[in-house]
Amino acid sequence: MVQQDDVHYTILDSPLGELLLTADGSGALTSVSVPGQKGGRTLQPGWRHTPGLFTAAEQQFTAYFAGELRDFQLELRTQGTEFRERVWAALDAVPYGETTTYGAIAARIGAPRAAVRAVGGAIGANPLLVVRACHRVIGSDGALTGYAGGLERKVRLLELEGALA
(Lines give C-alpha, C1' and ligand atoms only; values in the text may rest on other atoms or scores of the structure.)
Protein backbone atom coordinates (compact mmCIF):
# COMPACT_ATOMS: atom_id res chain seq x y z
CA MET A 1 0.00 0.00 0.00
CA VAL A 2 1.12 3.56 -0.66
CA GLN A 3 2.64 5.18 2.39
CA GLN A 4 0.62 8.15 3.63
CA ASP A 5 3.67 10.42 3.31
CA ASP A 6 4.18 9.31 -0.30
CA VAL A 7 0.83 10.67 -1.49
CA HIS A 8 0.91 13.50 -3.99
CA TYR A 9 -2.28 15.23 -5.06
CA THR A 10 -3.87 17.86 -7.19
CA ILE A 11 -7.42 19.07 -7.71
CA LEU A 12 -8.84 19.56 -11.20
CA ASP A 13 -12.05 21.28 -12.19
CA SER A 14 -14.29 19.17 -14.41
CA PRO A 15 -17.88 18.93 -15.61
CA LEU A 16 -18.38 16.43 -12.76
CA GLY A 17 -17.14 18.88 -10.14
CA GLU A 18 -13.71 18.90 -8.56
CA LEU A 19 -11.61 15.81 -9.19
CA LEU A 20 -9.12 14.88 -6.46
CA LEU A 21 -6.24 13.04 -8.10
CA THR A 22 -3.60 11.21 -6.08
CA ALA A 23 -0.36 9.64 -7.19
CA ASP A 24 2.59 7.88 -5.65
CA GLY A 25 6.11 9.28 -5.68
CA SER A 26 6.77 7.88 -9.15
CA GLY A 27 3.81 9.81 -10.56
CA ALA A 28 1.58 6.75 -11.09
CA LEU A 29 -2.06 7.69 -10.62
CA THR A 30 -3.49 5.94 -7.54
CA SER A 31 -6.97 7.46 -7.29
CA VAL A 32 -9.51 9.81 -8.83
CA SER A 33 -12.31 10.92 -6.52
CA VAL A 34 -15.21 13.36 -6.60
CA PRO A 35 -16.85 15.17 -3.68
CA GLY A 36 -19.38 13.00 -1.90
CA GLN A 37 -18.13 9.82 -3.53
CA LYS A 38 -18.96 6.65 -1.65
CA GLY A 39 -15.57 5.29 -0.54
CA GLY A 40 -13.71 8.11 -2.29
CA ARG A 41 -10.54 9.65 -0.99
CA THR A 42 -10.52 13.01 0.75
CA LEU A 43 -7.59 15.35 1.21
CA GLN A 44 -5.43 14.31 4.16
CA PRO A 45 -2.81 16.16 6.22
CA GLY A 46 0.70 15.34 5.03
CA TRP A 47 -0.22 14.87 1.40
CA ARG A 48 1.95 16.89 -0.97
CA HIS A 49 0.32 19.29 -3.42
CA THR A 50 2.39 18.72 -6.56
CA PRO A 51 0.30 19.77 -9.57
CA GLY A 52 3.28 19.41 -11.94
CA LEU A 53 3.22 15.66 -11.36
CA PHE A 54 -0.26 15.55 -12.91
CA THR A 55 0.31 17.49 -16.14
CA ALA A 56 -0.40 14.51 -18.41
CA ALA A 57 -3.47 13.56 -16.38
CA GLU A 58 -4.82 17.11 -16.53
CA GLN A 59 -4.32 17.26 -20.31
CA GLN A 60 -6.01 13.91 -20.79
CA PHE A 61 -8.99 14.76 -18.56
CA THR A 62 -9.44 18.03 -20.46
CA ALA A 63 -9.38 16.16 -23.78
CA TYR A 64 -11.74 13.44 -22.47
CA PHE A 65 -14.34 15.94 -21.25
CA ALA A 66 -14.05 17.80 -24.58
CA GLY A 67 -14.92 14.54 -26.37
CA GLU A 68 -11.44 14.36 -27.93
CA LEU A 69 -9.99 11.41 -25.97
CA ARG A 70 -11.39 7.89 -25.73
CA ASP A 71 -8.63 6.04 -23.85
CA PHE A 72 -6.51 7.37 -21.03
CA GLN A 73 -2.81 6.61 -21.41
CA LEU A 74 -1.60 7.10 -17.84
CA GLU A 75 0.50 4.99 -15.53
CA LEU A 76 -1.88 3.57 -12.94
CA ARG A 77 -1.10 1.92 -9.62
CA THR A 78 -3.90 0.48 -7.53
CA GLN A 79 -3.94 -2.23 -4.95
CA GLY A 80 -6.80 -4.59 -4.39
CA THR A 81 -7.45 -8.23 -3.80
CA GLU A 82 -6.71 -10.61 -6.65
CA PHE A 83 -10.47 -10.74 -7.37
CA ARG A 84 -10.79 -6.93 -7.47
CA GLU A 85 -7.76 -6.63 -9.74
CA ARG A 86 -9.38 -9.12 -12.17
CA VAL A 87 -12.64 -7.16 -12.14
CA TRP A 88 -10.79 -3.87 -12.66
CA ALA A 89 -8.85 -5.36 -15.59
CA ALA A 90 -12.20 -6.39 -17.12
CA LEU A 91 -13.45 -2.80 -16.68
CA ASP A 92 -10.41 -1.54 -18.56
CA ALA A 93 -11.47 -3.70 -21.52
CA VAL A 94 -14.94 -2.10 -21.90
CA PRO A 95 -14.67 0.22 -24.93
CA TYR A 96 -15.51 3.91 -24.90
CA GLY A 97 -19.14 4.53 -25.79
CA GLU A 98 -20.27 1.02 -24.89
CA THR A 99 -21.85 -0.48 -21.80
CA THR A 100 -21.73 -3.90 -20.23
CA THR A 101 -23.45 -5.63 -17.35
CA TYR A 102 -22.29 -6.92 -13.99
CA GLY A 103 -23.06 -10.44 -15.22
CA ALA A 104 -20.93 -9.94 -18.33
CA ILE A 105 -18.01 -8.75 -16.19
CA ALA A 106 -18.43 -11.84 -13.99
CA ALA A 107 -18.38 -14.06 -17.08
CA ARG A 108 -15.37 -12.24 -18.52
CA ILE A 109 -13.30 -13.03 -15.40
CA GLY A 110 -14.56 -16.61 -15.20
CA ALA A 111 -16.64 -16.06 -12.06
CA PRO A 112 -19.95 -17.87 -11.59
CA ARG A 113 -23.21 -16.01 -12.11
CA ALA A 114 -23.66 -16.07 -8.33
CA ALA A 115 -20.61 -13.78 -8.05
CA VAL A 116 -22.46 -10.80 -9.54
CA ARG A 117 -22.78 -9.11 -6.13
CA ALA A 118 -19.07 -9.55 -5.46
CA VAL A 119 -18.35 -8.11 -8.91
CA GLY A 120 -20.56 -5.13 -8.02
CA GLY A 121 -18.63 -4.67 -4.79
CA ALA A 122 -15.31 -4.71 -6.62
CA ILE A 123 -16.61 -2.21 -9.18
CA GLY A 124 -17.85 0.01 -6.35
CA ALA A 125 -14.36 -0.09 -4.80
CA ASN A 126 -12.70 1.12 -8.02
CA PRO A 127 -10.36 3.92 -6.90
CA LEU A 128 -9.98 5.42 -10.39
CA LEU A 129 -13.31 6.98 -11.35
CA VAL A 130 -13.59 7.99 -15.00
CA VAL A 131 -10.16 6.54 -15.92
CA ARG A 132 -11.21 2.97 -15.08
CA ALA A 133 -14.66 3.23 -16.56
CA CYS A 134 -16.98 1.70 -13.97
CA HIS A 135 -19.64 4.12 -15.27
CA ARG A 136 -19.99 1.81 -18.31
CA VAL A 137 -21.47 -1.00 -16.19
CA ILE A 138 -25.26 -1.15 -16.06
CA GLY A 139 -27.88 -3.56 -14.77
CA SER A 140 -28.93 -6.57 -16.83
CA ASP A 141 -32.26 -4.82 -17.52
CA GLY A 142 -30.47 -1.70 -18.79
CA ALA A 143 -31.01 0.23 -15.56
CA LEU A 144 -28.33 2.71 -14.56
CA THR A 145 -27.63 1.04 -11.25
CA GLY A 146 -25.08 2.20 -8.71
CA TYR A 147 -22.14 4.50 -9.21
CA ALA A 148 -19.92 5.54 -6.32
CA GLY A 149 -19.73 9.06 -7.76
CA GLY A 150 -23.53 9.39 -7.97
CA LEU A 151 -25.98 8.44 -10.70
CA GLU A 152 -26.14 11.98 -12.11
CA ARG A 153 -22.40 11.80 -12.83
CA LYS A 154 -22.80 8.34 -14.38
CA VAL A 155 -25.46 9.73 -16.72
CA ARG A 156 -23.19 12.66 -17.69
CA LEU A 157 -20.31 10.33 -18.50
CA LEU A 158 -22.45 7.94 -20.54
CA GLU A 159 -24.01 10.88 -22.42
CA LEU A 160 -20.54 12.29 -23.12
CA GLU A 161 -19.48 8.95 -24.56
CA GLY A 162 -22.68 8.61 -26.61
CA ALA A 163 -23.70 5.44 -24.75
CA LEU A 164 -27.18 6.74 -23.85
CA ALA A 165 -29.87 7.19 -26.47
* For the range 71-165: rounded, prolate or oblate by the Cα gyration tensor [a/c cutoff 1.5] -> oblate
* To do: Can you tell me the order of 35-46, 59-70, 124-135 when each peptide is scored by its average per-residue count of other Cβ atoms within 10 angstrom, highest first?
  => 124-135, 59-70, 35-46
* Structure fact -> Heavy-atom accessible area of the range 70-165 with neighbours in place, 1.4 angstrom probe: carbon+sulfur share in percent works out to 50 percent
* Asked: Sorted by accessible area (1.4 Å probe), largest first, how do Ser31, Ser14, Ser140 line up?
  -> Ser140, Ser14, Ser31
* Which ³J(HN,Hα) values, rounded to whole Hz and listed in residue order, are derived for the range 86-93 from phi using the Karplus coefficients 6.51, -1.76 and 1.60 in 6.51 cos²θ - 1.76 cosθ + 1.60 with θ = phi - 60°, glycine and proline given as x? -> 5, 5, 5, 4, 5, 4, 4, 8
* Structure fact -> Once amide hydrogens are built 1.01 Å from N within the peptide plane, the residues lying 5 or more places from Arg48 or on another chain with amide H under 5 Å from its amide H are Val7, His8, Tyr9
* Asked: Where does the chain land on the Kirkwood hydrodynamic radius, alpha-carbon pairs, in angstrom?
  -> 16.2 Å
* Structure fact -> Only helices counted: for the chain, with every DSSP H run of 4 or more residues adding -39500 (n - 2.57) and the sum spread over all residues, [θ] at 222 nm is -8500 deg cm²/dmol
* Report the relative contact order of the chain, percent, no decimals, based on alpha-carbon pairs under 8 angstrom and at least 6 residues apart. => 22 percent
* What ranking, highest mean first, results for peptides 73-82, 101-110 when packing means the other Cβ atoms within 10 Å averaged over each residue? -> 101-110, 73-82
* To do: Enter the accessible area per residue of the range 45-165 (Å², integer; probe 1.4 Å; all protein chains in place).
  => 51 Å²
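The values are calculated or read from the model by the stated rules, or taken from the named source; none is laboratory data. These figures come from a predicted structure and were not determined experimentally. Because the Cβ atoms are built from the backbone with ideal geometry, glycine has one as well, and the counts that use them run over all protein chains shown. With ligands, DNA and RNA removed, areas are computed over all heavy atoms of the protein, side chains included. Shrake-Rupley method; radii C 1.70, N 1.55, O 1.52, S 1.80 Å.
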